[in-house]
Amino acid sequence: MRVTLAQLNYHTGNFSRNTEKIISAIKKSKGHSDLVVFAELGITGYPPRDFLEFTHFQQKTQECLAEIARECTGIWAIVGAPAPNLTGRGKPLFNAAYVLGNGQVLTAVKKTLLPTYDVFDEYRYFEPNREFACVDIAGKRVAVTICEDLWNVDEAPLYVDNPMERLMTHTPALVVNIAASPFSQKQQARRSEVLARNAIKYRLPVVYVNHIGAQTELVFDGDSKVVAPNGEIVAQLPQFEEAIETIDLDNLPIAVDVDIDGMAQVEGALVLGIRDYFGKLGLQKAILGLSGGIDSAVVCVLAVKALGRENVLSVLMPSAFTHPLSVSQAQLLCQNLGSPHVAIPIDGAVGVFGDTLAPFFSGYGADVTEENLQARARAVYLMALSNKWGHILLNTTNKSEMAVGYGTLYGDLCGGLSVIGDLYKTEVYALARRINHGGEVIPSFILERAPSAELRENQRDTDSLPGYEVLDRLLYDYLEKRMGPDELVAAGHHAHVIAQVLRLVNGSEWKRYQTAPILRVSDKAFGMGRRMPIVAKYQW
């Protein structure tokens, strides 16, 4: 049996584009393939969210499904789409894998395990499957599964039911899994392990097809593959790009080497995230404030890689506290990239704000208010240029700053997309070194200088925060490993630092609710996957 893995970049709600891509792949596969496999909910794009509640959206899905089925003559296809629940009980839809052949829709295999954690909310829309059967395709009995249905092989399984155990009673010869599995730094290794464990446990080859492309904050890396019954990966499609590849399952190739370069993957994910955010919204040009610091430098480089150097405008906005080298090194970065920049000093605007507010500030000493005026003056300039020229503002705040509220609301937290909001500060430095591995792009001064917001004389981030090596390890243990205070102490963190940092994190939730979508590259990003109450009191 020859199976084609069609790893495509879908666009949520864009039925014509998604249908054209699927049909094109089917036509390319005819004559040398028996079956072509597409990703989970490929017709609608993933995640469709509340679009699923519209009758028109459901009807359009079925119309496109029928159009695709008509192309399936001389070839079979498995296509992901929502299916109506006609039982009269439960949610109105199933998450389904449709089997197409002979020019028609033959059957729909429904998803059993509906993830409702982190970024997933499938039980909000879908009814779980309760019927288990394999499908005969091109002379092979196939266990068709959908993403999470293969993930219940852990020693402490998350779900009571195990679809594969049910399907094995029908003696399949092959497992096909269609998925919408977003990228995170650990996901590729975890995904390969899950697929290998299924292949070994059931002594069957596993064909896995995943999305690629970004849908707002979620980035899908592809990483589609074929796993032999001994658990070896015998075919793997590239990450972060579309690919169509046909594999002969009766003559499996030898195992392939899988090279995992963590920061290279992160770079690929963020570049794709920017490119698809702009491309799928019909946007072209970006603007950002370039400070001479590491965060804005990395965002600028990623934006240029995603959109092209001519489409990224950097705005330098020095104040009285800006070091001259901050300006010159920011200019050098733009020169290295061949990307345009302009300079707008903010002292005049900040002075007007100060003079206007002086009668109201009488009797109050200078504090963070005056510092925030500088950040907000910069935001006014950036948003004015964004409005006038149609550029989209990129936010340059990192995850460490986002966590502890080290950013000014309606100031440096402004933007249409947060590019590095899921990278801790230490990871931003690691990514910068990765960017420079083939030659200096980001000037060495930017990499080596002490982090500073430059909002007062000789300011350093460490004036009010622990060093980032200490802070980031604590934040990781708290945010991603969900350790409480006692566990954090046992992990080696100091009690007074824990108290300070947790107070800052929990007290900044209201800020994070008002920030731009954050490109997700970790297992626990701020945004849709972390749902914390704003008005709450949880005494640590």
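For Arg434 and Gln62, a Förster radius of 56 Å and the Cβ-Cβ distance give a FRET efficiency of 0.80, rounded to the nearest 0.05.
Where does each of 149-161, 517-529, 14-26 land if you order them by average Cβ count within 10 Å, highest first? Show your work: numbers first, answer last.
On the way: 149-161: 14.8, 517-529: 23.2, 14-26: 18.5.
Result, highest mean first: 517-529, 14-26, 149-161.
Set the Cα radius of gyration of segment 350-456 against 2.2 N^0.38 Å, with N its number of residues, and you get 1.28.
Distance between the 7 Å Cα→Cβ label points at Val470 and Thr55: 6.3 nm. With the helix formula -39500 (n - 2.57) applied to DSSP H stretches of n ≥ 4, the chain reaches a computed 222 nm mean residue ellipticity of -11000 deg cm²/dmol.
Dipole magnitude of segment 283-437 about its Cα centre, charges +1 at Lys/Arg Cβ and -1 at Asp/Glu Cβ only, in debye to the nearest 20? Kindly include the intermediate steps, with their values, before the conclusion.
On the way: 10 positive and 11 negative charges, 126 e Å.
It comes to approximately 600 debye.
So, by mean Cβ neighbours within 10 angstrom, what's the order for 106-112, 347-353, 325-331 with the highest one leading? Show your work: numbers first, answer last.
Working: 106-112: 21.1, 347-353: 15.0, 325-331: 19.0.
With the highest mean Cβ count within 10 Å placed first, the list reads 106-112, 325-331, 347-353.
Pull out the extension gain between Lys388 and Arg130, defined as 0.36 nm times the separation in residues minus the alpha carbon to alpha carbon distance; nm, one decimal.
Numbers: separation 258, 0.36 × 258 = 92.88 nm, distance 5.50 nm.
Result for the pair: 87.4 nm of gain on full extension.
Applying the criteria of a DSSP loop state and at most 14 other Cβ atoms within 10 Å to the trypsin sites (Lys or Arg not before Pro) of segment 361-463 yields Arg460.
Summarising the label geometry, the points placed 7 Å from Cα in the beta-carbon direction at Gln459 and His323 lie 1.5 nm from one another. Distance from the C-alpha centroid of segment 465-540 to that of segment 102-116: 39 Å, rounded to the whole angstrom.
Highest mean packing first, where packing is the average number of other Cβ atoms within 10 Å per residue, the peptides 482-488, 216-222, 79-85 line up as 216-222, 79-85, 482-488. Evaluated with a Cβ-only charge set (Lys, Arg +1; Asp, Glu -1), the chain carries a dipole of roughly 1040 debye about its Cα centre, given to the nearest 20.
Counting 0.36 nm for each residue step from Ser16 to Tyr123 and taking away their Cα separation leaves a gain of 35.8 nm. On full extension, the segment bounded by Gln284 and Asp347 gains 19.6 nm, given 0.36 nm per residue less the C-alpha separation.
About the centre of its Cα atoms, segment 2-260 shows a dipole size close to 600 debye [charges on the beta carbon of Lys, Arg (+1) and Asp, Glu (-1) only; nearest 20 debye].
Where a number appears in this text, it was derived from the coordinates with a stated rule and is not lab data. Here the structure is a predicted model, which is why all the values come from computation and not from measurement. Positions of Cβ are generated from backbone atoms using ideal geometry, with glycine treated the same way; all protein chains shown enter the neighbour counts.
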